1. Cα to Cα, under 23 Å, and not fewer than 8 places away if on the same chain: which lysines meet these conditions relative to Lys85?
2. Would you check the accessible area of Thr55, probe 1.4 Å, heavy atoms only, in square angstrom rounded to 10?
3. Rolling a 1.4 angstrom probe over the protein chains, ignoring ligands and nucleic acids, what is the accessible area of Asp150 in square angstrom, nearest 10?
4. Can you list the lysines whose alpha carbon sits under 24 Å from that of Lys113, skipping same-chain ones fewer than 8 residues off?
5. Give the residue list of GluC sites (Glu not before Pro) in region 108-203 that are DSSP loop and have at most 15 other beta-carbon atoms within 10 angstrom.
6. For a quick check: with amide H placed at 1.01 Å from N, whose amide H comes under 5 Å from Leu149's, ignoring anything fewer than 5 positions away on the same chain?
7. Per residue of region 157-169, what does 6.51 cos²θ - 1.76 cosθ + 1.60 with θ = phi - 60° give for ³J(HN,Hα)? Whole Hz please, x for Gly and Pro, Karplus curve as stated.
8. Heavy atoms of the protein only, probe of 1.4 Å, neighbouring chains included. What is the accessible area of Lys85 in Å², nearest 10?
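The values are calculated or read from the model by the stated rules, or taken from the named source; none is laboratory data. Here the structure is a predicted model, which means the values were calculated and not measured. Backbone-built Cβ (ideal geometry, glycine too); neighbour counts: all protein chains shown. Just the protein is used for accessible areas: all its heavy atoms, side chains included, with ligands, DNA and RNA removed. Shrake-Rupley method; radii C 1.70, N 1.55, O 1.52, S 1.80 Å.
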Amino acid sequence: MRQLFKLLSVSALLFAGTIGYAQNPQGMTPSFGVKGGVNFATITGDDFDSPDSRTSFNVGVLAEFPLAEIFSLQVEALYSGQGFKSDVDGGIFGGDGKVEYQLDYINVPVLAKVYLLEGFSLEVGPQASFKVNEEVDADANADDGDLDLDEAKDFEFGVAAGVTFQTQMGLFASGRYTMGVTDIFENSDAKNSVFQIGIGYKF
């Protein structure tokens, strides 16, 4: 609980810092919202032989601060289920069948957004990720078979890029790819790779 409180505190400080930095040209006002969606996550690197993707979810809050007519800064705080699935017939976990490696984060992307058309934007920027859960699950649909781990680093740095289409009512849909820049484990070539599809609403 203390770790989660610290992560949420960091996210709040990032929001506050962005509010203090962002200007409000020509009367444009910040907008706030909620979002959620589906993750298709895996791990890339020389030490992992193309594991299957883990299907999970992301959910969180966001704030967008206009800096110019077609340019804005968007900060998010998202719970993101990541990791991968692996066949374990003599593999890294031992045993038979398929297991799910669950590696979940609080992701805090800071995105530059450029509006190419009304309601349609491209977004790209850095992302800080704070680990909140790590376990191996032999049966993702049941409560048993879980094995808690603490092998992955607590912090990851990455980049995110995607597109968003927003209606005048505030509803929006987005697609995004996030790629880890730093390795997940010590002395191992392994990085997070996540495709996200989601919807949300801005107030």
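1. Counting by Cα, and skipping residues close in sequence, Lys85 has these lysines nearby: Lys98, Lys131, Lys153, Lys191.
2. 80 Å²
3. Surface accessible to solvent at Asp150 totals approximately 120 Å².
4. Lys35, Lys202
5. Values: sites: Glu118, Glu123, Glu134, Glu135, Glu151, Glu156, Glu186; in loops: Glu118, Glu151, Glu186.
Of the GluC sites (Glu not before Pro), the ones in loops of region 108-203 whose Cβ has at most 15 other Cβ atoms within 10 Å are Glu118, Glu151, Glu186.
6. Under 5 Å from the amide H of Leu149: Glu134, Glu135, Val136.
7. So the J values, rounded to whole Hz, are 10, x, 10, 10, 8, x, 9, 9, 10, 10, 8, 5, 7.
8. 70 Å²
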